[in-house]
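Report on the following structure.
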Amino acid sequence: MAKRENQGTQIALILLVMLSILLMITSYFFWSHAHAKTAEATELRSAIESANENRDGALTQNQQLKQMIGYPADQLLPAIETDFTADMQLIGQAFPEGDRNYRNLSKHMITVVQQKNANLVEASAKELELKQDLDRAQEEGKQRVAVAEQERDARTTELEEERAKFNTSRQRLQAELEKNNRSSQAKLSNLTRQNHEFQNQVGTLEQEVGNLNRLTKRLKQENEELLDETFEQPDGKIVHVNQALRLAYINLGRNHALRPKVSFRVYDADSIGLADVERKGSIEITRITDGDQAEARILDDDSVTNPIMAGDVIYSPIWQAGRRTTFALAGFMDIDGDGRSDREMVKNIISLNGGVVQAEITDKGKRTGDVTIHTRYLVLGEMPTENSGARGLAANSQITEIRNEAQQLGVALIDLDRLLDDMGYHGSARSVSLGRDARASDMNDREVPDPRPLERRFLPRREVTAPAF
């Protein structure tokens, strides 16, 4: 029994020792872990205290920086950044983006202020110099004024002397004038007698003037007859013809102030200077090709028996190179025979051919413009009839008056049909080609026109001088 009790005690003791050892080992591990954690906590506590100190220092510096740039300590950073961006955009454009800060800005402002101060000092020096120049100029002006006043006093004295001389001369001249008046009365009586003699001579001269007027009228009539005889100076000539396209090219262009729509009549070159010249056809300018050439379409010609060809001459009674021919219009003008006035069409035709209407008697009898020595043609339409009423009678009186003025000034009188014919105007009449391109259908319902009469050309108005008596 006792032996078993000793064994139980030994086992219990062994177990107790093992538990003690195990407890010591466990305690050591717990103590070692706790010691490491304590060291870490101490280190963390030191780091936190250092961070707090850095934070407090940074906050203090931040508040100091805010106060340095003019902001309160509690001002938020976004507001400061907004102000900074606005300030840099306003006055920091001269700096690169990386150098834009208040320190550089203040240095720049100080430099600018110093430069302004230097400029101000320089301006002050210049102002002082200008003030000194002004004082000198004023002093010189005073001296000049004193000299001018002395000269004025001298001129005043001279003026008084001249005035005295003038009064003496005036008295002498008045005496001479009275003497001359008495002499003039005698001369006036003599002139009255001579005037009576001159009146008698004027009567004789008026009779001679009447004779001269009759002679002038006769010479003017002869001159008008000469105007219709020949055309001596053609306006140009045809240099090339394309019969297939019905086109002709002339030696006039932009340099001669030519423009489209101007019409010319075509004559054979051998007919220059001859009377009763037959026209070969008409052309109308369609395009100005250059300075000395233009393209024209052939309006009418006898392309089979007598075609228009290179070398033929052209003439227009309206168009003249470098200047505009002036016209006057009078009478009722009906081109197409419909009984309505075509006056505006006549004006347009004249304008397209380079002419200008200088004066006219309207369809209502109202006169506009004046006939002068520069008017070349008076175009006459139909005279108002007795059934036209008071307005027609008034227009008839105005037409007669302007016609008399034109005859006195030597203006050529032509009728409307002749003007349109000389410009190659044929209204809306169709033209039928007789060449190889002719078609039988073109001849249907076409009236056969009367044979074209031989036509005469206009000459520029000639100056006729009456012989002296």
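No value in this document is a laboratory result; all are computed from the given coordinates. Everything quoted here is computed from the prediction, not taken from an experiment. A quick note on method: Cβ atoms are made from the backbone with ideal geometry, for glycine too, and the neighbour counts reach across all protein chains shown.
Beyond 21 Å in Cα-Cα separation lie the following of the pairs K261/K347; K280/K347; K237/K280; K261/K364: K280/K347; K261/K364. Distant-in-sequence amide contacts of L413, defined by a placed amide H-H separation under 5 Å and a gap of 5 or more residues or a different chain, comprise L378. Here the 3J(HN,Hα) profile of the range 148-162, calculated from phi with Karplus coefficients 6.51, -1.76 and 1.60 at θ = phi - 60°, is 5, 5, 4, 5, 4, 4, 5, 5, 5, 4, 5, 5, 4, 5, 5 Hz, Gly and Pro shown as x.
Once you order the gyration tensor axes a ≥ b ≥ c over the Cα atoms, which shape class does the range 319-422 get: rounded for a/c under 1.5, otherwise prolate or oblate by comparing a/b with b/c? Here the range 319-422 falls in the oblate category. Neighbour counts of other Cβ atoms within 10 Å put S271, S124 in the fewest-to-most order S124, S271. Computed from the C-beta positions of N104 and T60 and an R0 of 35 Å, the FRET efficiency is 0.90 to the nearest 0.05.
Ranked by the mean number of other Cβ atoms within 10 Å of their residues, highest first, the peptides 347-358, 174-185 fall in the order 347-358, 174-185. Once both labels are positioned 7 Å from their Cα atoms along Cα-to-Cβ, the gap between R163 and N404 label points is 6.4 nm. Once the Cβ-Cβ distance of D415 and R297 is raised to the sixth power relative to R0 = 25 Å, the FRET efficiency obtained is 0.40. Judged by the mean number of other Cβ atoms found within 10 Å, the most tightly packed of the peptides 83-89, 397-403 leads the ranking 397-403, 83-89. The calculated FRET efficiency for the pair Q67 and A39, based on their C-beta separation and a Förster distance of 60 Å, comes to about 0.90. The local environment of A125, defined by Cβ-Cβ distances under 14 Å, has a net charge of -2 under the rule Lys, Arg +1 and Asp, Glu -1.
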